[in-house]
Amino acid sequence: LKLINSSNRPLIIFPQGTRLSPNDRTPFKKGASRIYEELKIDCQPIAINSGHIWPKRGFKKINSNLTVSILKPIEAGLDKIDFLKRLENDIYSELDILN
């Protein structure tokens, strides 16, 4: 934890744990909330609509556009259950728009 907090490098976590199809709304894994709680730092959610371009099953779609949305940061200090609910809601709400 000390190394992560003192580093200028980002910590990137995919809270779903795997690639999902565009309309899959599987609950996020709890590990992201544990990391958030332990590090006590803000979280910068990002939504990526890669399910259309790089599906879990099937082939990658060549020459396609991928959209990356940088969402409103989530401040440090939330309860980990509230954090996970907000993170999931923010990302899935954005993916509903992108898809």
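Of all residues in the stretch 17-45, count the ones that are within 24 Å of Ser7 (Cα to Cα) and of a type in the set (Val, Ile, Thr).
Result for the stretch 17-45: 2.
Does Asp42 satisfy being of a type in the set (Asp, Glu) and exposed (fewer than 13 other Cβ atoms within 10 Å of the Cβ)? Please lay out each step first, then the result.
Values: of a type in the set (Asp, Glu): yes; exposed (fewer than 13 other Cβ atoms within 10 Å of the Cβ): yes.
Yes; evaluated as a whole, the condition is true for this residue.
Taking interchain pairs and intrachain pairs at least six residues apart, which have beta carbon atoms under 6 angstrom, with the first residue in the stretch 16-27 and open to solvent by 50 Å² or more (accessible area, probe 1.4 Å) and the second aromatic (Phe, Trp, Tyr) and modelled with pLDDT of 85 or more?
Cβ pairs passing all conditions: Arg25/Tyr92.
Do any helices (runs of 4 or more DSSP H) lying entirely in the stretch 2-99 carry at least 1 residues that are at pLDDT 95 or above and of a type in the set (A, V, I, L, M), and which ones are they?
Helices (runs of 4 or more DSSP H) meeting the threshold: 80-98.
Which one is nearest to Leu39 (Cα to Cα), of the residues in the stretch 62-99 that are among the β-branched types (Val, Ile, Thr) and touching a strand residue (DSSP E or B) at 6+ places or on another chain (Cβ under 6 Å)?
Ile74
Where the second residue is of a type outside the set (S, T, N, Q) and assigned to a strand (DSSP E or B) and the first is free of Cβ contacts under 8 Å to residues at least 24 places away in the same chain and within 18 Å of Thr18 (Cβ to Cβ) and lies in the stretch 47-69, which pairs have Cβ atoms under 8 Å and are six or more apart or on separate chains?
Pairs that qualify, where the first residue is free of Cβ contacts under 8 Å to residues at least 24 places away in the same chain and within 18 Å of Thr18 (Cβ to Cβ) and the partner is of a type outside the set (S, T, N, Q) and assigned to a strand (DSSP E or B), are Ile48/Val68; Leu66/Ile48.
Please pick out the residue among Lys56, Lys72 that is open to solvent by 60 Å² or more (accessible area, probe 1.4 Å) and in contact with a Lys or Arg (Cβ under 7 Å, 6 or more places away or on another chain). Please lay out each step first, then the result.
Details: Lys72 fails: in contact with a Lys or Arg (Cβ under 7 Å, 6 or more places away or on another chain).
That would be Lys56, the only listed residue that is open to solvent by 60 Å² or more (accessible area, probe 1.4 Å) and in contact with a Lys or Arg (Cβ under 7 Å, 6 or more places away or on another chain).
The values are calculated or read from the model by the stated rules, or taken from the named source; none is laboratory data. From a predicted model like this one, the values you see are computed outputs, not experimental measurements. Every residue, glycine among them, receives a Cβ derived from its backbone with ideal geometry; neighbour counts consider all protein chains shown. Calculation scope for accessible area: heavy atoms of the full protein, side chains included, ligands and nucleic acids excluded. Shrake-Rupley method; radii C 1.70, N 1.55, O 1.52, S 1.80 Å.
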